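A quick write-up on the structure given underneath.
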Amino acid sequence: MLDLNQLASECHAIAVDKGWYDQTRTIPELLMLVVSELAEALEEVRNGYSPGIIATVGAEQKPVGFAVEIADSIIRILDMCSHLDIDIQRAVEIKMAYNRTRPHRHGGKAY
């Protein structure tokens with residue numbers, strides 16, 4: 001089984017290595033970095049990209065597309081979890097166990 005804490009640690013190590021922590025990062029800033037990646041995913045949809053397609057562009061063959069922006073969002077979240085010493089594996093397991101007990105379409109919301 002995939003260990004989210006190990007993956008989070010790897011994401012954070014890359015971010016540190018690439019200079020993203022050369023300055024102090026606040027929680028609001030880290031959260032907005034996640035939001036910005038989700039906004040980029042929305043732009044991919046607006047530009048007509050299919051959700052499952054991963055393309056590359058440029059000489060560097062940079063991956064692009066909706067799925068890549070979702071991946072960026074997850075990477076940012078995991079990086080933040082490692083930085084803040086959050087046991088994301090346990091948090092996800094606890095929340096999923098709770099979600100299994102909830103009624104169908106709980107909360108009465110349409111979406």
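With labels modelled as points extended 7 Å from the Cα through the Cβ direction, what inter-label distance (nm, one decimal) is found for S50 paired with Q23?
4.1 nm
I need two numbers for the stretch 4-101: Rg to one decimal and Dmax as a whole number, Cα atoms only, in Å.
Just the Cα atoms of the stretch 4-101 yield Rg and Dmax of 15.2, 49 Å.
Please list the non-local residues whose amide H lies under 5 Å from the amide H of Y49, H modeled 1.01 Å from N, same-chain partners needing a gap of 5 or more.
Hits under the 5 Å cutoff: none.
Count the net charge of all other residues whose Cβ sits under 14 Å from the Cβ of M32, scoring Lys and Arg as +1 and Asp and Glu as -1.
My count for the surroundings of M32 gives -3.
Can you run phi through the Karplus equation (6.51, -1.76, 1.60; θ = phi - 60°) for the stretch 85-90 and list ³J(HN,Hα) in whole Hz, with x for Gly and Pro?
Computed from phi, the couplings for the stretch 85-90 are 6, 8, 7, 5, 4, 5 Hz.
Could you derive backbone 3J(HN,Hα) for the stretch 93-109 from the dihedral phi with the Karplus parameters 6.51, -1.76 and 1.60 (θ = phi - 60°), listing whole Hz in sequence and x where the residue is Gly or Pro?
Karplus values, whole Hz, x for Gly and Pro: 4, 5, 5, 5, 4, 5, 4, 5, 8, 7, x, 4, 6, 4, x, x, 8.
What percent does the relative contact order of the chain come to when contacts are Cα pairs within less than 8 Å and at least six residues apart?
Value for the chain: 35 percent.
As a check on your grasp of the helix formula, calculate [θ] at 222 nm for the chain: sum -39500 (n - 2.57) over DSSP H runs of n ≥ 4, divide by the residue count, round to the nearest 500.
-19500 deg cm²/dmol
In the neighborhood of E10, defined by Cβ-to-Cβ distances under 12 Å, what is the net charge if each Lys or Arg adds +1 and each Asp or Glu adds -1?
Local charge sum for E10: -3.
If Lys and Arg each add +1 and Asp and Glu each add -1, what is the summed charge of the other residues whose beta carbon sits under 12 Å from the beta carbon of P63?
Net of charged neighbours comes to -3.
Since every read-out is calculated from the coordinates, none of them should be taken as a lab result. Just so we're clear, the structure is a prediction, and the values are computed from it rather than from any experiment. Positions of Cβ are backbone-derived with ideal geometry, glycine not excepted, and every protein chain shown enters the neighbour counts.
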